[in-house]
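Below you'll find the structure, written out as structure tokens, and then a few comments.
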There are 2 protein chains.
Amino acid sequence: MPRDTRFALVLKNTAKLFSQNGFVATSLREVAAVSRISKAGLYYHIREKEDLLYEICRCSMTELLKLVRERVAASADPVNQLKAIVEAHTDFFRRHPHNLTVLNQQMGFLSRDRRREVARMEREYLDLIRDVIRDGRRQQAFRDVDVTVAAFSLLAVLNTLDGWYHPQGRIKPSALVQQLEVIALFGLATRAGGEHEH
Amino acid sequence: MPRDTRFALVLKNTAKLFSQNGFVATSLREVAAVSRISKAGLYYHIREKEDLLYEICRCSMTELLKLVRERVAASADPVNQLKAIVEAHTDFFRRHPHNLTVLNQQMGFLSRDRRREVARMEREYLDLIRDVIRDGRRQQAFRDVDVTVAAFSLLAVLNTLDGWYHPQGRIKPSALVQQLEVIALFGLATRAGGEHEH
């Protein structure tokens with residue numbers, strides 16, 4: 001998130017508005033009101049409403065990529081690297097609960113060049129996951145799965161947490177991470193599938 | 001989908017328009033044009049644009065639920081029932097490639113009562129998946145996973161296929177189903193996780 005703490009707070013509040021009411025239905029007047037900033041103060045940071053959406057998407061992907069890369073780099077073991085992805089992504093979601101929703105649902109309102117820039121960062125994230133899975137296959141720590149199917153499946157699980165998971169609810173964040181890791185690494189079945197089964 | 005084949009075709013074409021351009025940006029003029037029907041002909045079936053969105057969401061969930069329920073009922077084995085869910089959902093996606101996108105992204109434009117009705121059907125689908133996983137746990141065919149985390153994880157994978165999977169691409173539909181089943185049932189790791197590991 002940006003170093004300017006005032007603007008960081010504006011983006012945080014705006015992400016909540018965008019995720020709850022959508023980009024189109026949110027006005028700059030509301031953005032200014034929830035952040036207790038004048039419209040003139042807002043125009044010090046941005047030129048138009050789309051700039052806010054762009055900064056939320058860009059900063060989110062920058063921070064998420066940085067977090068995941070650092071944690072993945074801390075281990076050479078694919079199983080631990082996969083756990084690191086689950087943990088880093090879940091941490092990001094807890095710190096910025098509305099930003100994944102904005103990325104998933106409102107990115108279409110960015111101008112073409114900006115949408116491409118954010119999509120490029122999302123692609124980098126996908127490639128990072130693919131690399132971890134490919135390494136795992138090579139080291140025979142992972143099954144002979146299709147790397148693309150496996151990477152998109154993991155991303156789907158992580159990117160949709162905002163649709164149902166509430167950190168204050170029955171499932172504690174640490175339990176969520178543990179469950180997601182078990183499901184991703186070992187699946188549901190108690191009998192392990194042999195190589196011949198797929 | 002509705003029995004009236006003319007209206008079914010209108011809904012099919014409209015789902016494509018809604019998924020590509022969004023509900024808000026699609027006009028009834030476009031809907032009529034792509035289906036080669038007059039606006040008067042369109043008004044024989046609907047009163048307003050939201051009716052189209054409602055019919056797409058309602059018919060999609062009705063058909064998906066019917067398909068999944070039939071296939072799940074055909075077996076008493078939780079592993080086969082889970083495979084049946086993956087197969088039925090993937091089949092639905094192939095038959096109606098744009099409908100999941102409309103359900104996932106445009107449902108917010110329904111009126112409150114209609115949105116609740118569709119959400120209730122989605123909840124039924126979630127509960128069906130939860131029941132299969134719960135049965136699997138009881139029969140010790142499945143690990144001692146959290147039923148809610150596991151059900152939302154499987155739904156996430158199935159509901160986001162429209163974002164990346166192209167049936168005409170490198171991965172054949174039968175291979176996709178097989179991969180998704182292996183990943184859901186057995187996970188990525190070659191070493192099976194013992195009960196003590198979670």
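The values are calculated or read from the model by the stated rules, or taken from the named source; none is laboratory data. What you see is a predicted model, and the numbers here were worked out from it, not measured in a lab. For neighbour counting, all protein chains shown are included, and Cβ atoms are generated from backbone atoms with ideal geometry for every residue, glycine included. Note: areas computed on protein heavy atoms with side chains; ligands, DNA, RNA excluded. Shrake-Rupley method; radii C 1.70, N 1.55, O 1.52, S 1.80 Å.
Return yes or no: is B:F93 among the aromatic types (F, W, Y) and open to solvent by 70 Å² or more (accessible area, probe 1.4 Å)? Considered against the rule, which asks whether it is among the aromatic types (F, W, Y) and open to solvent by 70 Å² or more (accessible area, probe 1.4 Å), B:F93 comes out as no. Somewhere in the range A:20-39, is a residue acidic (D, E) and touching a Leu at 6+ places or on another chain (Cβ under 7 Å)? Yes. When the test is whether a residue is within 30 Å of B:A76 (Cβ to Cβ), assigned to a loop (DSSP other than H, G, I, E, B) and open to solvent by less than 10 Å² (accessible area, probe 1.4 Å), B:V145 passes it. If you take the residues in the range A:109-142 that are in contact (Cβ under 8 Å) with a residue 60 or more places away in the chain and not in a helix (DSSP H, G or I), which one is nearest to the other protein chains (Cβ to nearest Cβ)? Among those residues, the one meeting the criterion is A:F142. The condition of being within 14 Å of chain A (Cβ to nearest Cβ) and either surrounded by fewer than 18 Cβ atoms within 10 Å (Cβ to Cβ) or modelled with pLDDT under 95 (or both) holds for only one of B:Q106, B:Q81, that being B:Q106. So in the range B:174-198, with the set limited to residues that are more than 8 Å from chain A (Cβ to nearest Cβ) and at pLDDT below 95, which one is most open to solvent (accessible area, probe 1.4 Å)? Once the filter is applied, the top-ranked residue is B:H196. If you go through the range A:43-63 and pick out every residue that is over 15 Å from A:D4 (Cα atoms) and touching a Pro at 6+ places or on another chain (Cβ under 7 Å), you end up with 0.
Among the residues of the range A:9-44, the ones that are open to solvent by 50 Å² or more (accessible area, probe 1.4 Å) and in contact (Cβ under 8 Å) with a residue 40 or more places away in the chain come to 4 in all.
If you check A:K66 against the conditions, is it at pLDDT below 95 and over 10 Å from the mean Cα position of the chain (by Cα)?
Answer is no for this residue.
Residues to consider are B:E63, B:E50; find the one that is acidic (D, E), open to solvent by 20 Å² or more (accessible area, probe 1.4 Å), closer than 14 Å to B:L103 by Cα and out of contact with any Lys or Arg (no Cβ under 8 Å at 6 or more places or on another chain).
Among B:E63, B:E50, only B:E63 is acidic (D, E), open to solvent by 20 Å² or more (accessible area, probe 1.4 Å), closer than 14 Å to B:L103 by Cα and out of contact with any Lys or Arg (no Cβ under 8 Å at 6 or more places or on another chain).
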